[in-house]
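Chemist: The structure is given below, and queries will be raised subsequently.
The values are calculated or read from the model by the stated rules, or taken from the named source; none is laboratory data. The model shown is predicted, which means the values in this text are computed figures rather than measured ones. No Cβ is skipped: glycine too gets one built from the backbone with ideal geometry, and neighbour counts run over all protein chains shown.
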Amino acid sequence: MRLAALFTTVLSLLLALPAWARDVAIITRLQGAASAGGAALHQGSQIRSGTQVITGPAARVELRFIDDTQVVIGEMAQFAVASFVYNADNQQGEALFRVDKGAFLVTTGAVGKLPGHPLSVATPVASIGVRGTKFWGGSQDHPLDVLLLEGAVSVTSKAGSVALTQPHDGTDVTTAETMPSPVGQWKQERIDKALTAVAFD
């Protein structure tokens, strides 16, 4: 009885924690050096909402979130879990990632498939709205290049928005004040270059 009461008390305290204080992801793979808040990260490190992950040269980090969203971050990147909330019991949640620098690959889990698709990625020049999908983002020849692999995404700057709906659709964003480029199919060489930026050795 005492053990059950203690478990109930601990659980209620965990649920009472603000969203930013909860562990929402774990590092499942790590290549090279990465840090958060000045502390080195390791495979198995827990990541909380509000954490910024910074990677070093030739580094790769794979994050698995509590809703099974998976994110891979490339080298010299700055990736932040701006907010992440998910309740499996009532199927509610929302997530916002912020990428200030570097390449990333996102495969959405439960949050990205919820009504309204409340998962998005913010960058300095545009935001990416996700609709249950797999996509790559980073900088090749522009401040932001986006490649769709599965599902659909929208890419929105201050000037407007475009929708990527077919595998290998891509768009580029030059500045926050300019419209994303017309959607077009990326050639295999460009796709390979993008995926190499988030591939583990």
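Rundown of residues vs (1) under 15 Å from Val198 (Cβ atoms); (2) assigned to a strand (DSSP E or B); (3) not hydroxyl-bearing (Ser, Thr, Tyr), yes/no style:
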| site | (1), (2), (3) |
| --- | --- |
| Val53 | yes, yes, yes |
| Glu62 | yes, yes, yes |
| Asp67 | no, no, yes |
| Met76 | yes, no, yes |
| Ala80 | no, yes, yes |
| Asp89 | no, no, yes |
| Ala95 | no, yes, yes |
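Chemist: Give the residues of the range 79-104 that are crowded, with 22+ Cβ neighbours inside 10 Å and among the aliphatic types (A, V, I, L, M), sorted by residue number.
Modeler: Val81, Ala95, Val99, Ala103
Chemist: Right, another one. Looking at Gly184 and the list (1) surrounded by fewer than 16 Cβ atoms within 10 Å (Cβ to Cβ); (2) out of contact with any strand residue (DSSP E or B) (no Cβ under 7 Å at 6 or more places or on another chain); (3) farther than 14 Å from Trp136 by Cα, which single condition is not satisfied?
Modeler: All conditions are met except number (2).
Chemist: Of the numbered conditions (1) of a type in the set (A, V, I, L, M); (2) within 24 Å of Ala152 (Cα to Cα); (3) over 13 Å from the mean Cα position of the chain (by Cα), Leu96 fails exactly one; give the number of that condition.
Modeler: Of (1) of a type in the set (A, V, I, L, M); (2) within 24 Å of Ala152 (Cα to Cα); (3) over 13 Å from the mean Cα position of the chain (by Cα), only one is false for Leu96: (3).
Chemist: Considering only the range 130-139, state which residues are modelled with pLDDT of 95 or more and not hydroxyl-bearing (Ser, Thr, Tyr).
Modeler: Residues satisfying the conditions are Lys134, Phe135, Trp136, Gly137, Gly138.
Chemist: So is Thr55 in contact with a strand residue (DSSP E or B) (Cβ under 6 Å, 6 or more places away or on another chain) and crowded, with 17+ Cβ neighbours inside 10 Å or not?
Modeler: Spelling it out, Thr55 is indeed in contact with a strand residue (DSSP E or B) (Cβ under 6 Å, 6 or more places away or on another chain) and crowded, with 17+ Cβ neighbours inside 10 Å.
Chemist: Hey, can you tell me all the residues within the range 187-201 that are crowded, with 21+ Cβ neighbours inside 10 Å and outside any loop (DSSP other than H, G, I, E, B)?
Modeler: Selection gives Ala194 alone.
Chemist: Among the residues of the range 1-48, write down those that are surrounded by 14 or more Cβ atoms within 10 Å (Cβ to Cβ), modelled with pLDDT of 95 or more and assigned to a loop (DSSP other than H, G, I, E, B).
Modeler: Of everything in the range 1-48, those that are surrounded by 14 or more Cβ atoms within 10 Å (Cβ to Cβ), modelled with pLDDT of 95 or more and assigned to a loop (DSSP other than H, G, I, E, B) turn out to be Gly32, Ala33, Leu41, Ser45.
Chemist: What residue, of Ala152, Ala126, Ala95, is under 30 Å from Arg48 (Cα atoms), among the aliphatic types (A, V, I, L, M), touching a Lys or Arg at 6+ places or on another chain (Cβ under 7 Å) and without any contact (Cβ under 8 Å) to a residue 60 or more places away in the chain?
Modeler: Ala152
Chemist: With respect to Val111, determine if the residue is touching a residue at least 40 places away in the same chain (Cβ under 8 Å) and either within 17 Å of Ala80 (Cα to Cα) or of a type in the set (Val, Ile, Thr) (or both).
Modeler: In short, yes.
Chemist: Something else: If you take the residues of the range 85-123 that are among the aromatic types (Phe, Trp, Tyr) and within 12 Å of Val24 (Cβ to Cβ), which of them is modelled with the lowest pLDDT?
Modeler: This residue is Tyr86.
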